[in-house]
Amino acid sequence: MGILNATPDSFSDGGMHLNAAEAAARARMMAAQGAAIIDIGAESTRPGARPVDEEVEIGRLGPVLAALRDSPPGAPISVDTRRAAVAALALDAGAVMVNDITGGADPAMLPLVAERGAGICLMHMQGEPGTMQDDPRYGDVVDEVLAFLVSRMDAAVRAGVPEDVIVLDPGIGFGKTAGHNRALLAGLPAIAALGRPVLVGVSRKGVIGALTGREVGDRLAGSIGAGLAAVGRGASVLRVHDVAETVDALRAFTAAGGGE
Ligand code: HH2
């Protein structure tokens with residue numbers, strides 16, 4: 001899954017894809033590099049980020065989706081939003097999947113996904129982006145994330161979403177310390193055992209910075225290392241900024257017997 005942030009303030013590519021034509025070109029390039037899904041977001045959810053108004057989110061997304069409709073990227077489009085109204089607009093404009101960092105908290109989200117026959121990624125987050133990294137606490141982080149994902153999957157199925165369009169995500173870096181993130185990566189087999197594809201997003205994140213001592217722009221090798229480990233432990237979707245390098249790494253990893 002290639003990341004396209006149509007935001008001025010995303011932690012690693014903020015401000016790079018605000019122009020619709022350039023954003024659409026980037027989406028097409030990621031698809032050509034081997035991305036199986038293009039995930040487009042218009043609200044940064046980095047630690048400390050402030051929520052943006054719905055109109056702002058729509059104003060950023062609309063032109064990018066329109067440009068992609070005129071010239072499709074060649075890979076399915078997912079919309080990274082926690083608002084059902086934004087998701088509805090994106091699904092109207094050609095997206096086929098919703099990536100919801102709140103696990104479908106907006107009461108209108110799961111019914112919308114069911115009605116439109118869309119796919120959905122349900123992610124775990126403790127708290128809100130603005131404050132989630134202040135003091136995250138868990139008893140057993142893997143047990144708590146698992147319980148949340150099971151309950152949100154149940155809610156989705158009750159709302160009419162078929163189980164086979166649901167993807168699950170432990171939400172690396174969303175209300176978690178470095179220790180929590182490592183425990184969740186080690187605990188991926190338990191999440192994969194729920195029977196749905198598991199999505200993992202570690203690309204350029206603080207957890208990679210903590211492990212390597214590198215700044216955001218210099219975390220490619222660390223991101224790929226952690227991503228491959230996640231695949232080896234049961235992840236089936238990696239949400240990444242660097243598609244070409246990740247695809248090469250995955251090809252070599254698989255050919256060399258990784259994940260068997
Ligand atoms: N991480 C980010 C945003 N959306 N969605 C899922 N399912 N999983 C993730 O790990 C995830 C996500 C944060 O990364 P990014 O989009 O690069 O940054 P920002 O939130 O600053 O736009």
Region 196-255 - residue that is of a type in the set (A, V, I, L, M, F, W, C) and free of Cβ contacts under 8 Å to residues at least 24 places away in the same chain and, of those, farthest from Gly179 (Cα to Cα): Ala255
Single unsatisfied condition, Arg204 versus (1) open to solvent by 50 Å² or more (accessible area, probe 1.4 Å); (2) in contact with a Ser or Thr (Cβ under 6 Å, 6 or more places away or on another chain): (1)
Residue match in region 163-183 (condition: open to solvent by 50 Å² or more (accessible area, probe 1.4 Å) and of a type in the set (A, V, I, L, M, F, W, C)): no
Failed item, numbered, when Arg152 is tested on (1) open to solvent by 60 Å² or more (accessible area, probe 1.4 Å); (2) modelled with pLDDT of 95 or more; (3) of a type outside the set (A, V, I, L, M); (4) part of a helix (DSSP H, G or I): (1)
Test: Leu238 is over 22 Å from Pro136 (Cα atoms) and surrounded by fewer than 18 Cβ atoms within 10 Å (Cβ to Cβ): no
Qualifying positions in region 102-142 - at pLDDT 95 or above, acidic (Asp, Glu), open to solvent by 60 Å² or more (accessible area, probe 1.4 Å) and under 23 Å from Val79 (Cβ atoms): Glu115
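The values are calculated or read from the model by the stated rules, or taken from the named source; none is laboratory data. As the structure is a computational prediction, the values presented were derived from the model and not from experiment. Backbone-built Cβ (ideal geometry, glycine too); neighbour counts: all protein chains shown. Accessible surface areas use protein heavy atoms only, side chains included; no ligands, DNA or RNA. Shrake-Rupley method; radii C 1.70, N 1.55, O 1.52, S 1.80 Å.
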